[in-house]
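The values are calculated or read from the model by the stated rules, or taken from the named source; none is laboratory data. These figures come from a predicted structure and were not determined experimentally. When we count neighbours, we look across all protein chains shown, and the Cβ atoms used for this are built from the backbone with ideal geometry, even at glycine. For accessibility, only protein heavy atoms count, side chains too; no ligands or nucleic acids. Shrake-Rupley method; radii C 1.70, N 1.55, O 1.52, S 1.80 Å.
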Amino acid sequence: MKKTGQQLMRAMAALLVFAIVFVNGGILHAAELTLTVSQTVEQNLAAFSVKGAASGSTQVSILIMEKQTRSIVYMDQAAAAGGEVRFSTLLPKGSYTGYVSASGTAKALLQDFSIEKEERITGFKALKAVTVAKGARAALPGSVIAVFDSGANREIGVQWQDVPGTETPGEFTLSGVVNGTAEKAALKLIVSGTTPTPTPTATPTATPTATPTATPTATPTATPTPTPTATATPTPTATATPTATPTATPTATPTATPTSTPTSTESEEESSSSPAATPAPTPVPTITPSATSSAPASIKVGATLDGTVAKAEIAATAISGAFSKVTADSKGVKTVEIIIGPVAGANTYEPSLPASVFANGSANQVIKLSTPVGTVELPGNLIKPEQEGGNTSVSILIGGISKSALKEPALQEAAGDRPVLELGLKADGKTVALDSKGAGIRVSLPYKPSLEEQKNPELLVIQYADGAGNIQKIPNTKYDAKSGLVTFTTALPGQFVLSYEVRTFTDSGKFSWADHAIGVLASRGIIEGTSGSEFSPAENITRADFLVLLVRTLGLTAEFTGNFSDTTPSDYYYEALGVAKKLGISEGADGNVFRPEIGECHQQAERRRGACSIP
């Protein structure tokens, strides 16, 4: 498919990044599906039938790589029809591996296969002209019958380029690239101007009736209902718990702690009014047994209300004790969760940690702070040693604020009725500025998407205003339908809103196989059009632009001191190339040279037809 010439089209670059990161990398999480793949190889034609995807809008992707070098040789995407999608491509002699995937699935691996012998295409069987009424959508064939030098006739997928709109009647000759080759097939498209009637009839009847009825009814009903319910539920819980706390505390601290610790706020208030208030320091002993007797990885603490801020202090001994009992995960990371229960009247939670927690700067120790507003995960290397030195405590503010409290009007508009969050970081009460190239804070927010958002959850993205007041998007935003959480990672405390934006381009529909991917990447601020309304999908992408696209999508950051010799700090791609070199994503094209302005795949295509990887 698409990587058949010596260049990589912008449309293909968008689809490649979308499939690797969004479909296969886990940013999309929908209902689980199971895919099965059957494949056949005849001469150098490989054909695949993928079953198990939901029909309709579910996009199924396929990616084939050269087995030894892992170079991508073929990639495509198509909507499931009747639960099945078919792909076919010609491949050069060699050994191959790969996988297929759809949103909401784990990828299904292809069986490794080899191409032992190649055939040459001598021509194509003529295609019947496609006739379509003016204004209607043309249904173009997805394959052609190729004639080979061996005398065999085989069906191969085709991608039609520069498909015209059907607003103007006439006859058009389309050119289609045959998958895995540089060959092109031709197709005549006839747009008839004699039947304009279908357009007016369909538009008034279907559109006005459906829109008013469905949209207003579903959206308002769904949104308000969950919100009050969720807020109200924790409050009764807090009221009911005090009964358990006084009773349990004198008798058996370890037993009562796991059950009722979240309400330690009320316990402390009651203690202060009586001589038996000596247990005022009890929060410290109460925290430690909690981690020991229930879950070694969690500590439950109470908070004290100060205005609208619920403040809590966590002792160093409790944290170190919990870490000593935690087993590292498969990546060698130990995580301790600190749970702060709901406090009536609080809209912001401010847990305070000893600064010594960040003294060793280890990224393998993570503190997860869970509050009713949201959850943040702080890596041990969040604060640099020079920032930590001399400070005794580090506190983070996690607040749910109203839309009217947003400083930027553009953020107010983007927020709609969705959550608005404010994050702050302090050391001994003074604001700490994080290094944007350093470790980030992972944030999770509970959210229930509207009916429209559930159809395309990948369009949910967090936005914020940078120091200059410019609105930025966080591409790593992810919605998980199972947990009901929106997560993102940021190194910049501030105000954040959850937005939902649909971006379209007038010319991306000509490449229907990449249209959805282009729209998603544009909506997330990962890729831009060549103008406000056009994307120019057929234009070739340079090596620099492709790497910028990858680095931006993955949200990669790194400190680097050196870069490729043919880049300068004034180049818009300088930062991305430096990060890619530091992380080992790219070693350059020739020694310390990157050749940023050369079309991606240009040199490699000369060595191997259709192969492409980042050197």
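Among the residues of segment 523-535, the one identified as under 13 Å from Arg10 (Cα atoms), touching an Asp or Glu at 6+ places or on another chain (Cβ under 7 Å) and open to solvent by less than 50 Å² (accessible area, probe 1.4 Å) is Phe535. Would you check if Ala312 is in contact with a helix residue (DSSP H, G or I) (Cβ under 8 Å, 6 or more places away or on another chain) and either over 25 Å from Gly494 (Cβ atoms) or crowded, with 23+ Cβ neighbours inside 10 Å (or both)? Here the answer is no, as Ala312 does not meet what is asked.
With respect to the conditions (1) open to solvent by less than 40 Å² (accessible area, probe 1.4 Å); (2) modelled with pLDDT of 90 or more, Ala146 falls short on a single one, namely (2). At pLDDT below 90 and either in a strand (DSSP E or B) or small (Gly, Ala, Ser) (or both): does that describe Ala310? No. Within segment 164-185, the set of residues being under 20 Å from Ser512 (Cβ atoms) and open to solvent by 30 Å² or more (accessible area, probe 1.4 Å) comprises Pro164, Gly165, Glu167, Thr168, Phe172, Thr173, Ser175, Lys184. Residues of segment 363-381 that are open to solvent by 30 Å² or more (accessible area, probe 1.4 Å), in a loop (DSSP other than H, G, I, E, B) and either at pLDDT below 90 or among the basic types (Lys, Arg) (or both): Ala363, Asn364, Asn381.
Any residue at all in segment 165-174 that is touching a Phe, Trp or Tyr at 6+ places or on another chain (Cβ under 6 Å) and either among the acidic types (Asp, Glu) or at pLDDT 85 or above (or both)? Yes, the conditions are met somewhere in segment 165-174. Would you please list the contacts, defined by Cβ atoms under 8 Å and residues six or more apart or on different chains, that run from a residue in segment 453-472 that is over 19 Å from Thr504 (Cα atoms) to a residue that is acidic (Asp, Glu) and surrounded by 14 or more Cβ atoms within 10 Å (Cβ to Cβ)? The qualifying pairs are Ala465/Glu408; Gly469/Glu408; Ile471/Glu408. Put simply, of Ser395, Ser404 the only residue that is assigned to a helix (DSSP H, G or I) and either surrounded by 15 or more Cβ atoms within 10 Å (Cβ to Cβ) or not basic (Lys, Arg) (or both) is Ser404. Reported count of residues in segment 326-341, each being within 22 Å of Gly302 (Cα to Cα) and open to solvent by 40 Å² or more (accessible area, probe 1.4 Å), is 3. Could you list all residues from segment 578-615 that are modelled with pLDDT of 70 or more, surrounded by 17 or more Cβ atoms within 10 Å (Cβ to Cβ), touching an Asp or Glu at 6+ places or on another chain (Cβ under 8 Å) and not charged (D, E, K, R)? Once the filter is applied, which keeps residues that are modelled with pLDDT of 70 or more, surrounded by 17 or more Cβ atoms within 10 Å (Cβ to Cβ), touching an Asp or Glu at 6+ places or on another chain (Cβ under 8 Å) and not charged (D, E, K, R), segment 578-615 yields Phe594, Pro596.
Let's see how each residue does on (1) in a helix (DSSP H, G or I); (2) open to solvent by 50 Å² or more (accessible area, probe 1.4 Å); (3) at pLDDT below 90:
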| site | (1), (2), (3) |
| --- | --- |
| Pro351 | no, no, no |
| Ile383 | no, no, yes |
| Gly399 | no, no, no |
| Ala414 | yes, no, no |
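Residue pairs whose Cβ atoms lie under 6 Å apart, sitting 6 or more positions apart in sequence or on different chains, and linking a residue in segment 89-103 that is under 20 Å from Glu183 (Cβ atoms) to a partner that is small (Gly, Ala, Ser) and part of a loop (DSSP other than H, G, I, E, B), are Thr89/Gly180; Leu90/Gly180; Leu91/Gly180. Within segment 546-577, the set of residues being open to solvent by less than 50 Å² (accessible area, probe 1.4 Å), in contact (Cβ under 8 Å) with a residue 40 or more places away in the chain and assigned to a loop (DSSP other than H, G, I, E, B) comprises Gly555, Ala558. Can you tell me which residue is modelled with the lowest pLDDT among those in segment 460-496 that are open to solvent by less than 20 Å² (accessible area, probe 1.4 Å) and polar (S, T, N, Q)? Only one residue tops the list, namely Thr490.
Filtering segment 338-371 to residues that are under 24 Å from the mean Cα position of the chain (by Cα), closer than 18 Å to Ile314 by Cα and of a type outside the set (S, T, N, Q) leaves Val366, Ile367, Lys368, Leu369.
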